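Below: one structure, written as structure tokens.
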Amino acid sequence: MLPHCRLNQSPSKRVTRSYPGVALRWLLELHDSGKETFSGEQLENFTSLQVLLLDDQIAPDNAKWILPGLRHVSGIKEWGAYQKARAVHTLREGGMHPQQVAQSLGLATRTANQLWRSYLALEQMGADEEYGEYAQPNLYSYFEEVFKRTNVRDWLGWSDEQRRFTNGPAIREFYGWMVGEPAEDGELGQRKLPEAKSVRELGSIIDDRTAMAVFRSSGGSLTKAQARFEAEHPQEWLPAVLDAERILGALSPDILRSLTPEQLAAVQALRGRVNQVLLDRDRLLVDANGSHNS
């Protein structure tokens with residue numbers, strides 16, 4: 001029951017919501033047409049409903065968010081992420097504590113807090129002089145991704161106390177990557193972060209100065225920046241090679257005889273790759289020796 005709400009039980013009144021009302025009328029039509037037969041007790045249940053009516057005069061303002069929120073935030077017909085975040089924000093602005101908001105909407109406190117932060121972040125963008133007009137609900141998911149990436153969140157300088165990102169230059173740069181930087185004619189340039197999940201890729205390079213320089217450059221992109229990052233931070237390949245050798249060496253005769261065409265093709269591709277690596281190495285050594293001799 002909602003706090004500070006008086007609920008008036010009124011069995012004599014009939015309240016029909018669109019979803020149960022349609023279903024009940026359909027059942028009654030089936031009965032009237034003879035396609036279904038219901039008992040008198042069942043028909044009574046269909047037509048005489050006991051309901052609780054919320055007193056609009058004394059109910060708190062947040063009741064209109066909590067009641068639908070139970071169905072659309074954590075219920076069977078979920079709202080989108082932005083609508084959920086708006087409900088959380090509205091309830092917190094109405095004076096409810098974070099734990100109360102989460103409990104009222106059937107959410108984990110951590111989840112409710114992340115929704116609240118992401119909503120505030122979009123609101124902050126909406127207040128920006130240069131990028132405010134582009135702050136639409138479809139950009140909300142970008143900020144959800146930001147709060148999932150600690151290094152991106154910290155780079156932007158999020159503060160719960162100030163309820164905003166505090167690194168002004170960084171956040172405006174981020175806005176430009178999201179929607180494109182405005183040109184002198186008012187047109188937006190190319191978006192360096194074309195979709196919300198691009199923030200995940202940004203998080204993989206944001207701590208690398210060289211990769212970020214490539215990303216920020218004219219014509220720079222996440223693809224180019226990641227390629228530069230991977231070139232300077234090659235993955236350790238030896239453990240994977242040793243694992244493959246051990247696994248292949250442990251295959252029993254029965255398994256070898258029963259290899260599927262797909263499995264056989266994979267082993268053959270691996271053999272071809274190993275042979276090519278060794279051939280490339282030999283050529284490099286020959287070229288190196290030749291240059292030294294000359």
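The values are calculated or read from the model by the stated rules, or taken from the named source; none is laboratory data. All of these numbers come straight from a predicted model, not from anything done at the bench. Here the Cβ positions follow ideal geometry from the backbone for every residue, glycine too, while neighbour counts run over all protein chains shown.
Taking only pairs six or more apart or across chains, which ones have beta-carbon atoms under 6 Å, a first residue in the stretch 101-129 that is within 18 Å of Q83 (Cβ to Cβ) and crowded, with 21+ Cβ neighbours inside 10 Å, and a second residue that is at pLDDT below 95 and among the β-branched types (V, I, T)?
Once the first residue is within 18 Å of Q83 (Cβ to Cβ) and crowded, with 21+ Cβ neighbours inside 10 Å and sits in the stretch 101-129, its partners that are at pLDDT below 95 and among the β-branched types (V, I, T) give V101/V88; A102/T109; S104/I66; L105/V73; A112/V88; A112/V101; L115/V88; W116/V88.
With respect to the numbered conditions (1) of a type in the set (D, E, K, R); (2) within 40 Å of the chain's Cα centre (by Cα); (3) at pLDDT below 75, which one is the sole condition not fulfilled by E93?
Failing condition for E93: (3).
Return yes or no: is Q276 more than 30 Å from F147 (Cα to Cα) and either of a type in the set (S, T, Y) or without any contact (Cβ under 8 Å) to a residue 40 or more places away in the chain (or both)?
Details: more than 30 Å from F147 (Cα to Cα): yes; either of a type in the set (S, T, Y) or without any contact (Cβ under 8 Å) to a residue 40 or more places away in the chain (or both): yes.
Considered against the rule, which asks whether it is more than 30 Å from F147 (Cα to Cα) and either of a type in the set (S, T, Y) or without any contact (Cβ under 8 Å) to a residue 40 or more places away in the chain (or both), Q276 comes out as yes.
Please indicate, with yes or no, whether at least one residue in the stretch 154-168 is part of a loop (DSSP other than H, G, I, E, B) and more than 23 Å from E133 (Cα to Cα). Steps first, answer last, please.
Quick first cut of the stretch 154-168, residues part of a loop (DSSP other than H, G, I, E, B) only: 157, 160-163, 166-167.
With the extra rule that they be more than 23 Å from E133 (Cα to Cα), the set shrinks to 160-161.
Yes, some residue in the stretch 154-168 is part of a loop (DSSP other than H, G, I, E, B) and more than 23 Å from E133 (Cα to Cα).
Suppose we filter E262, E201 for residues that are closer than 30 Å to R172 by Cβ and either modelled with pLDDT of 90 or more or in contact with a helix residue (DSSP H, G or I) (Cβ under 7 Å, 6 or more places away or on another chain) (or both); which single one remains?
Values: E262 fails: closer than 30 Å to R172 by Cβ.
Answer to the selection: E201.
Is at least one residue of the stretch 49-69 modelled with pLDDT of 80 or more and either of a type outside the set (D, E, K, R) or surrounded by fewer than 14 Cβ atoms within 10 Å (Cβ to Cβ) (or both)? Before you say what the answer is, go through the steps one by one.
Here is the first cut: in the stretch 49-69, the residues modelled with pLDDT of 80 or more are none.
There is no residue in the stretch 49-69 that is modelled with pLDDT of 80 or more and either of a type outside the set (D, E, K, R) or surrounded by fewer than 14 Cβ atoms within 10 Å (Cβ to Cβ) (or both).
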